[in-house]
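Below is one structure, written out as structure tokens, with a few remarks after it.
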Amino acid sequence: MKHDIILRGKRLVALLVTICSLSTAWAGELNLIPKPLRVEEGEGHFVLTAKATIGYDAALEEQAEYLQQLLGQSTGWDLTLKPEARKATIRLELKPGEVGHPEGYRLTVTPKGITVTGEDRGGVFYGIQTLLQLFPTEVYSDRRQHDVVWSAPAVTVYDAPNRPWRGMMLDVARYFYHKDFVKKYIDMMAMYKLNKLQLHLIDDSGWRLEIKKYPRLTEVGAWAGTDAKRLGGYYTQEDIKELIAYAQVRNVEIIPEIEFPAHILSAIVAYPWLSCTGLQHEVPTQHFISKDLLCVGKESSIQFLRDILDETVALFPSAYINIGGDEANYVRWESCPHCQAIIQREGLKKASDLQGYLTNVVAEMMKEKNRTVVGWEEILLRGEVKTPVVGVFWHNVADTIEATKTGHKAILSPATHMYFDFPESSTPGEVKAATWMPPISVEKCYGMEVNDYSPESTVLGVQGCFWSDQFIHGTVLQEIDCLDENRSENYAEYLTFPRLLALSEVAWTPQAARNYPDFSYRLATHFARLDAKGCHYRVPEPHIEKMETVDNGALRFTLTPAIDQAVIRYTTDGSYPTVHSPIYTGPVTVADKSDFHAITVVTDTHYSLPIYFAPDYSAYKPYGEFTAEWKPLIVQTQKAPWRFECTGKIAGNGDYVITFIPTKGENSLQLGGLKLYKRDELLAEVAQSSTSDSNDGTTAYRFSVDAFEAGTPFFIEVEAWGEGGNDTSGLVFIRKEAQ
Ligand code: ACM
Ligand code: ZN
């Protein structure tokens, strides 16, 4: 039977053991994400046929059509819709009060039929999502599947979310994603029961929302670069209406983020009078945080804000309007006579208090329109805000408790756990991504402690953030094997998945019911669903089930696959495995764990980075931060440029020392001239190391940086060659000299 597909590998063993009690095997193998509140096993299976009908209560027509269309794509059947729930094979019922919790549902599957009972339309939609997870994974395909038995185990699921706010922020300003991609993102959020999409529509690098009263915002502010090569784009108001309608069926509320007073250079480029100086700027083509703020002192800029927000409110039905508010640098306000006049008039002490003043003005404006202001935590940290607002806590998460004591609410989006623009690992070869904090593994994301941020009633929920700084127009993205096209959308998916599934459970499931090993076991079955949806994801490394010390201090590794149906391939000589390396079939013993690598292979072109143990560099502390390593494969026997990234190691203007330290091999590494690049701009050049003849074998170069820019990638290029052969390995460190 086709449903055996999801029970391969260790699941097949479970099936064989419990072959006589199929319902028990199924119940243990539902693998639902997010984990529901309660599941009761039934007897047997429901099998969908072409004759099945979908009945629905009057208010559920859109949900019924959604289910009909989704099942139609993969089964090829045009299931009949019946506008009466009671008389159908699959019944969608709306029964407020029966489930007792907003967005809650009860899903009953019996061999005879299926009933989804929702507290509200959101609840019905989530009952449908859980039902889809019970069917074979092919149900997610948008192409007709053949030879699939469309069966679902008999079961009753009682479920409701732990938090009302289960969000994602998508930065469409730094990189303009076509509306079709936004729809796909909404689909993926909905599949995992996320219900709020904060669209970051405005930033220094682009204005993405059509505003009829200010056409230059999109004629000028949506585009960067010169005419022939200009990049960017924007959503027309019709596009936005289309997205809102698409999201509404999927129980996703789109919350527009109209960012000010900072991150608004794109508007200032279009209308220079919006800023304190009135100077003309250009829309930046690379990551950049402008010091130019919206001038609070000019009536014209406040009127601009009022007009923009009027059109925004008219367009978006969301109960919330996000006003951004993060990362303002107040130097312009400090020297602006108009802004200073407001400071005087309002009796404020300093320029930053003006932000609090502005937040109050706008929160009142929005209250009159029955909308609640949401903004980054800064809106609550720049003086008293009198109207209740909602802060998205990304940085000073501990301030939640203080701020929410004064009547405000919080959404938790700590950058340490919920920023998906950070990579998952620091394994060499990992995709280029944000570097200002350590990587965020799926386990770390899943481990976010929601209950730590009391009082509970003020925490609306949890939100993931996907910033696009790394994808800004013009940035050349690193090619990685599993993505066949070097397109930013694929990277966005690679970085978002599977972490979005961890976020889903953090936000939906009560903290006490969360358990990482259990989640990770269920997760292994979800990659096939992502494949069926055509959604890219980061392939997880194999799980290390055991690492034991055996004779002579050698280590024995026992691995399990992180993806159902994937194989594990490994090496023990320090090289990275390929799709041709030996297949793992049982425990592997190695003398040195840093020589052991293993990868998850989904297909010949789709595989993970290796299990990687970062070497212990504490003995090299005086040389600064580990930056790169060379291995025989990198080194040639003739002089050739070797380029490696040092973003994050170059951290401000000043003097630096870079040291090359040989660690093993027959041959010595010879080094010639060295260049430091800021992206493609040459910043420093050292013709030859002054200490390449040092007797400890190390080679050090010194250079100065005077044009540092945060968020910009830095690279070293050095002439290198192996003397007499390429059998040489070593480490590179960078140290910033004390000023
Ligand atoms: C932020 O990351 N600046 C909200
Ligand atoms: Zn000003």
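The values are calculated or read from the model by the stated rules, or taken from the named source; none is laboratory data. As the structure is a computational prediction, the values presented were derived from the model and not from experiment. Positions of Cβ are generated from backbone atoms using ideal geometry, with glycine treated the same way; all protein chains shown enter the neighbour counts. SASA here: full protein model, heavy atoms, side chains in, ligands and nucleic acids out. Shrake-Rupley method; radii C 1.70, N 1.55, O 1.52, S 1.80 Å.
Scanning the stretch 222-260 for residues that are of a type in the set (Asp, Glu) and in a strand (DSSP E or B), which turns out surrounded by the most Cβ atoms within 10 Å (Cβ to Cβ)?
Once the filter is applied, the top-ranked residue is 257.
Limited to the stretch 467-505, what total is found for residues that are of a type in the set (Lys, Arg) and modelled with pLDDT of 85 or more?
Qualifying residue count, the stretch 467-505: 1.
How many residues, within the stretch 593-651, are among the polar types (S, T, N, Q), touching a Pro at 6+ places or on another chain (Cβ under 8 Å) and either within 20 Å of residue 568 (Cα to Cα) or in a loop (DSSP other than H, G, I, E, B) (or both)?
Number of matching residues: 3.
Which one is nearest to ligand 2 (Cβ to nearest atom), of the residues in the stretch 316-335 that are in a helix (DSSP H, G or I) and open to solvent by 20 Å² or more (accessible area, probe 1.4 Å)?
Ranking the candidates gives 332 first.
Just one of 263, 287 is modelled with pLDDT under 95, within 16 Å of ligand 1 (Cβ to nearest atom) and either open to solvent by less than 30 Å² (accessible area, probe 1.4 Å) or not in a helix (DSSP H, G or I) (or both); which is it? Even if it seems obvious, please write down each step before you answer.
Details: 263 fails: modelled with pLDDT under 95.
Result of the check over 263, 287: 287.
For the stretch 380-418, give me each residue that is at pLDDT 85 or above, open to solvent by 20 Å² or more (accessible area, probe 1.4 Å) and of a type in the set (A, V, I, L, M).
Hits for the stretch 380-418 are 380, 381.
Within the stretch 107-127, track down each residue that is of a type outside the set (Val, Ile, Thr) and either part of a helix (DSSP H, G or I) or open to solvent by 10 Å² or more (accessible area, probe 1.4 Å) (or both). Lay out the reasoning, then the answer.
Within the stretch 107-127, the first condition is being of a type outside the set (Val, Ile, Thr), and the residues that meet it are 107, 111-113, 118-123, 125-127.
Answer for the stretch 107-127, where residues must be of a type outside the set (Val, Ile, Thr) and either part of a helix (DSSP H, G or I) or open to solvent by 10 Å² or more (accessible area, probe 1.4 Å) (or both): 111, 112, 119, 120, 121, 122, 123, 125, 126, 127.
Could you please give the count of residues in the stretch 388-420 that are within 16 Å of ligand 1 (Cβ to nearest atom) and in a helix (DSSP H, G or I)?
7
Tell me whether the stretch 95-107 contains one or more residues that are of a type in the set (D, E, K, R) and at pLDDT below 95.
Among the residues of the stretch 95-107, at least one is of a type in the set (D, E, K, R) and at pLDDT below 95, which makes the answer yes.
Taking the conditions exactly as written (closer than 23 Å to residue 375 by Cα and more than 16 Å from ligand 2 (Cβ to nearest atom)), does residue 311 satisfy them or not? Give the derivation first.
Details: closer than 23 Å to residue 375 by Cα: yes; more than 16 Å from ligand 2 (Cβ to nearest atom): yes.
It is true that residue 311 is closer than 23 Å to residue 375 by Cα and more than 16 Å from ligand 2 (Cβ to nearest atom).
Considering the stretch 615-628 alone, what residues qualify as being of a type in the set (Asp, Glu) and surrounded by 16 or more Cβ atoms within 10 Å (Cβ to Cβ)?
625
Out of all the residues in the stretch 293-304, is one or more at pLDDT 95 or above and within 30 Å of residue 248 (Cα to Cα)?
Within the stretch 293-304 (the criterion being at pLDDT 95 or above and within 30 Å of residue 248 (Cα to Cα)), the answer is yes, since at least one residue qualifies.
Which residue out of 730, 672, 697, 654 is at pLDDT 90 or above, more than 37 Å from the chain's Cα centre (by Cα) and open to solvent by less than 60 Å² (accessible area, probe 1.4 Å)?
It is 672.
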